[in-house]
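Visitor: So that we are looking at the same thing, I have put the structure below in structure tokens.
Read the figures in this text as sums done on the coordinates, not as results from a lab. As the structure is a computational prediction, the values presented were derived from the model and not from experiment. Here Cβ is always computed from backbone atoms with ideal geometry, including for glycine, and neighbour counts include all displayed protein chains.
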Amino acid sequence: MLFGGIEAGGTKFVCAVGDENGNIQERVEFLTRDPGDTMKDVTEFFSRFEVKALGIASFGPIDVNPASETYGYITTTPKTAWQHYPIKQTMEKALGVPAGFTTDVNGAALGELMLGAAKGLDSCLYITVGTGIGAGAIVKGQLLEGWSHPEMGHILVRRHPDDHYEGTCPFHHDCLEGLAAGPAIEARWGKKGKDLAGHPEVWKIEADYLAQALMQYILIVSPKKIILGGGVMHQKQLFPLIHQRLGELINGYAKLPEPLSEYITAPGLGNDAGITGAILLGKQAYENTQK
Ligand SMILES: Nc1ncnc2c1ncn2[C@@H]1O[C@H](COP(=O)(O)OP(=O)(O)OP(=O)(O)O)[C@@H](O)[C@H]1O
Ligand SMILES: [Zn+2]
């Protein structure tokens with residue numbers, strides 16, 4: 001049985017078909033253009049297969065509330081052509097199959113939980129530190145969604161005493177994303193993150209903000225595994241710095257899974273976490289129709 005997955009990103013769309021175990025059989029990528037052109041390519045790709053259902057893990061903000069009139073829509077994205085775009089309904093109509101719908105990071109969390117670094121567990125957190133910061137969570141086997149989806153990238157953090165950069169977030173300036181996403185690193189230091197590998201002061205501040213965020217996520221959600229992905233996390237020296245800083249911040253108060261190097265890790269599925277999760281979301285959508 002085949003299921004389709006779409007990882008809808010602001011830069012590119014990854015589309016794949018896979019089996020009920022989430023194994024990818026064929027995968028393509030399309031540049032994200034306006035919805036008409038992009039969705040034409042997406043529909044053409046899937047029309048070559050007999051998929052039972054689709055899973056869509058999308059950039060946001062999106063409406064994930066089934067009780068809402070705009071459920072299944074990409075909502076107030078800065079990408080104006082995609083504002084208020086009914087991506088779930090468009091794909092369901094085009095292919096005549098049901099579609100599951102969640103955030104890109106929830107999709108990645110699902111992929112990692114089923115087949116990646118959190119395999120065998122019933123909860124995890126997937127955080128991407130890239131152009132933005134976002135996190136998805138699975139708690140007791142369920143995607144964490146409520147009135148809307150979590151927006152864990154925009155939490156408030158204490159400013160590092162050596163950091164005087166104002167922050168990039170147009171809404172909050174110095175929220176976590178405003179201080180610690182890739183563009184904030186570039187704006188603070190005048191160079192792209194990939195060119196700052198040999199500058200320990202950069203990663204000390206970065207690790208402080210990420211450890212603060214993880215402390216809050218851990219104290220609130222208590223996930224059994226934390227996975228850190230995204231372009232900025234290619235700086236592998238961040239992992240031990242985050243482990244150390246998190247230990248200092250928690251200061252013995254809460255007992256965390258040991259060792260921290262296994263509790264807080266890179267994605268087990270690499271770049272396939274999101275698309276694998278999307279396929280598995282498609283499988284869930286199919287199973288929901290069989291109930
Ligand atoms: N090797 C690296 N070291 C440090 N920073 C990096 C590295 N590679 C990419 N980045 C930074 O990561 C950001 C891009 O993130 P990513 O590659 O995850 O893409 P994205 O999909 O646009 O991000 P998002 O997940 O927020 O949508 C840029 O700000 C870039 O400067
Ligand atoms: Zn913000």
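Visitor: I want to check the label-to-label distance for HIS173 and LYS194. Put each point 7 Å from Cα in the C-beta direction and report it in nm to one decimal.
Guide: 3.2
Visitor: Within a 10 angstrom radius of the beta carbon, how do PHE49, PHE13, PHE239, PHE3 rank from fewest other beta carbons to most?
Guide: Sorted ascending by nearby Cβ count, the order is PHE49, PHE239, PHE13, PHE3.
Visitor: Shifting gears a bit: Relative to the first principal axis of the alpha-carbon coordinates of the chain, what is the inclination of helix 35-46, with its axis defined by its Cα atoms, in degrees from 0 to 90 and to the nearest 10?
Guide: Long axis of 35-46 versus the principal axis of the chain: about 70 degrees.
Visitor: Can you tally the net charge around ARG158? Count Lys and Arg as +1, Asp and Glu as -1, for every other residue whose Cβ sits under 14 Å from the Cβ of ARG158. Numbers along the way, then the final one.
Guide: Working: positive: ARG159, ARG245; negative: ASP162, ASP163, ASP174, ASP208, GLU248.
After counting each charged neighbour, the total is -3.
Visitor: Report relative contact order for the chain in percent, whole number only (criteria: Cα-Cα under 8 Å, sequence separation at least 6).
Guide: The value is 23 percent.
Visitor: Same structure again: Can you tell me, using C-alpha contacts under 8 Å and at least 6 residues apart, the relative contact order of segment 2-103 as a whole percent?
Guide: Working: 201 pairs, mean separation 26.0, N = 102.
Rounded, it is 26 percent for segment 2-103.
Visitor: Shifting gears a bit: For GLU186 and SER148 in one chain, what is 0.36 nm times their gap in residues minus the Cα-Cα distance, to one decimal in nm?
Guide: Between GLU186 and SER148, full extension yields an extra 10.6 nm.
Visitor: Oh, and also: Which of the peptides 254-263, 107-116, 36-45 is most tightly packed, and how do the rest follow, judged by the mean count of other Cβ atoms within 10 Å per residue?
Guide: Answer by packing, highest mean first, reads 107-116, 36-45, 254-263.
Visitor: Roughly how many nanometres apart are two label points built 7 Å out from the Cα toward the Cβ at LEU249 and GLU201?
Guide: Between LEU249 and GLU201, the label points sit 2.2 nm apart.
Visitor: Moving on. Can you spot the lysines whose alpha carbon is less than 17 Å from LYS236's alpha carbon? Ignore those fewer than 8 places along the same chain.
Guide: Candidates past the 8-residue exclusion: LYS192, LYS194, LYS204.
Visitor: Please state the charge dipole magnitude for segment 1-118, taken about the Cα centre, from unit charges on C-beta atoms (+1 on K and R, -1 on D and E), reported in debye and rounded to the nearest 20.
Guide: About 180 debye.
Visitor: Next up: Using 0.36 nm times the number of residues separating ARG27 and LYS236, minus their current alpha carbon distance, what extension gain do you get?
Guide: That pair, ARG27 and LYS236, stretches by 72.5 nm at full extension.
Visitor: For segment 129-192, run through the chymotrypsin sites (Phe, Trp or Tyr not before Pro) and keep only the ones in DSSP coil with at most 10 other Cβ atoms within 10 Å of their Cβ.
Guide: Answer by residue number: TRP147, PHE171.
Visitor: Follow-up question, since we're still on this one. For each pair in LYS12/LYS40; LYS140/LYS283; LYS52/LYS88; LYS79/LYS283, compute the distance between the two Cα atoms and list the pairs where it is over 24 Å.
Guide: Pairs exceeding 24 Å: LYS79/LYS283.
Visitor: Compute the signed sum of charges (Lys and Arg +1, Asp and Glu -1) over the other residues within less than 12 Å, Cβ to Cβ, of GLY167.
Guide: -2
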